[in-house]
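Please read the structure below before turning to the comments.
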Amino acid sequence: MSERRKVVIIGGGFGGLSAAQHLNSNLVDVTLIDRRNYHLFQPLLYQVATGSLSPGEIASPLRSVLSRQKNTRVWLGTIVDVDPDAKRVILADGTIVPYDSLIVAAGSETSHFGHNDWQQWAPGLKSIEEATTIRHKILYAFEVAERLSDPKERRAWLTFVIVGAGATGVELSGAIAEIARQTLKNDFRSINPEEAQIILMDGAPRALMSFSEDLSEKATRSLAKLGVQVRCGAMVKHINEQGLAIESEKGADSIAAKTVVWAGGITASPLGKILARRTNAETDKGARVKVKPDLTVPNYPDIYVIGDLASATDEKGRPLPGLAQVAMQGGAYAANAILRKVKGQQELPPFRYFDKGSLAVIGRAAAVADVFGTHLSGLIAWLVWVFIHLMYLVNFQSRVLVFTQWAIQDLTFSRGARLITGAAPTDFDFTQDLSGMRSEREIKPETVNVAR
């Protein structure tokens, strides 16, 4: 019997996991390599950042998910190089892994558009670490404000700015508003959390640019009911510990805010540049690898690039969005294409993405949805959002835990994961924060458009 075909999958996100599950065949040996030992359900990261869910409720160990696939093994490691001619990948510890077929699903990371120094003051939301950092910042802001007597300083700590009005920004701003208006309203004595100012801003002319205008308008109205200020057409010039400098058609302005969250953009994993250099493939402005209609790299028919790392287009030449369903369908396509090659069958036709629609939740019983071209909003859209997100969680235990937490939250407005984790605030930290003696940093006249 001939040796089974070796398939290596880089990345255990939506695309990589989908590919691995569709390669459950005795014709191939699969090795899935990821720098994390878990699959993360990124669409619910904002709920970790706002204390609704704990990290373990939206993350599932990859070994557990794939335990019944005897042809599949999971390795913990970081890929640092790819040799496409010798058909092998190299891990950070020097381990060399050969392959016959390679599926690259390394995903994306937060992009501050060249202003990496902003990361310190405006973390993104692409990982559990970033989510718990944001949760720390949000809850810590209320704690510091409780001990301040100066109205100006208190206002800065009770001002929350979310940069980027896509689905993540909308969902995060709505959740912060619910924390201030509902969850924490009876928890403090010196401050009224309902007075918190939540600002959602973007350089685009409206929120949720990927949605239709009517759904965007409904989402904006729902946010306004929660007390969220939506400021579109605003460009960020600078961010530091004191807040933001922005510019709009009304001129230059500054916002004093101790809590800034970046939801303004993403860029492809650094592995994309390595792969592009090794294969002489082109990349787009987001550093994504341009692939052929069958999701392979030009001149390398055994290398598939899927998900956020792939620059692919639909039949009309429009770029495919960086959504979970795109990655999942791409993973299934790549897996089926490999199996057909192994069996000697006719190759699959070009990849075609089936758009099931888009969803964004604003708050309790409030959401907008475009499902198969039908526009929904309010309670109906929220119920669709709940159902789809529960079904996309990869294991039954997570579905039960998340459903239970949501039920408790919707009945009581309580958020059980309101923990300030990481470096614990000390009296010294509070002294620094409360003293007001930190020097103001001069705002630099640099401009970046956050419309994405």
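Just to be sure, is Asp29 touching a Ser or Thr at 6+ places or on another chain (Cβ under 9 Å), free of Cβ contacts under 8 Å to residues at least 24 places away in the same chain and not polar (S, T, N, Q)?
Working: touching a Ser or Thr at 6+ places or on another chain (Cβ under 9 Å): yes; free of Cβ contacts under 8 Å to residues at least 24 places away in the same chain: no; not polar (S, T, N, Q): yes.
No.
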Practice task
Go through Lys316, Lys292, Lys258, Lys343 for me and flag whichever is under 29 Å from Leu44 (Cα atoms) and either at pLDDT 95 or above or charged (D, E, K, R) (or both).
Solution key: Lys258
Handout entry: Qualifying position, being under 21 Å from Leu244 (Cβ atoms) and touching a Pro at 6+ places or on another chain (Cβ under 8 Å), among Ala156, Ala180, Ala196
Key = Ala180
Practice task
Answer with yes or no whether Val82 is touching a residue at least 24 places away in the same chain (Cβ under 8 Å) and in contact with a strand residue (DSSP E or B) (Cβ under 7 Å, 6 or more places away or on another chain).
Solution key: yes
Practice task
Answer yes if at least one residue in segment 65-82 is under 20 Å from Thr267 (Cα atoms), of a type outside the set (Asp, Glu) and assigned to a loop (DSSP other than H, G, I, E, B), and no otherwise.
Solution key: yes
Exercise for the section: Could you tell me which residue of segment 261-301 is surrounded by the most Cβ atoms within 10 Å (Cβ to Cβ), considering only residues that are of a type in the set (Asp, Glu) and closer than 18 Å to Val326 by Cα? Expected result: Asp294
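Test Tyr333 against the criterion of being aromatic (Phe, Trp, Tyr) and closer than 22 Å to Gly166 by Cβ, and give yes or no.
Criteria not met by Tyr333.
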Exercise for the section: Scan the strands (runs of 3 or more DSSP E) fully inside segment 84-196 and keep the ones with 1 or more residues being under 15 Å from the mean Cα position of the chain (by Cα), surrounded by 17 or more Cβ atoms within 10 Å (Cβ to Cβ) and not acidic (Asp, Glu). Expected result: 108-110, 159-163
Practice task
Taking the options Gly357, Gly363, name whichever one is under 16 Å from Asp214 (Cα atoms) and at pLDDT below 95.
Solution key: Gly357
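The values are calculated or read from the model by the stated rules, or taken from the named source; none is laboratory data. Values in this document were obtained by computation on a predicted structure and should not be read as measured data. Virtual Cβ from ideal backbone geometry, glycine too; neighbours counted across all protein chains shown.
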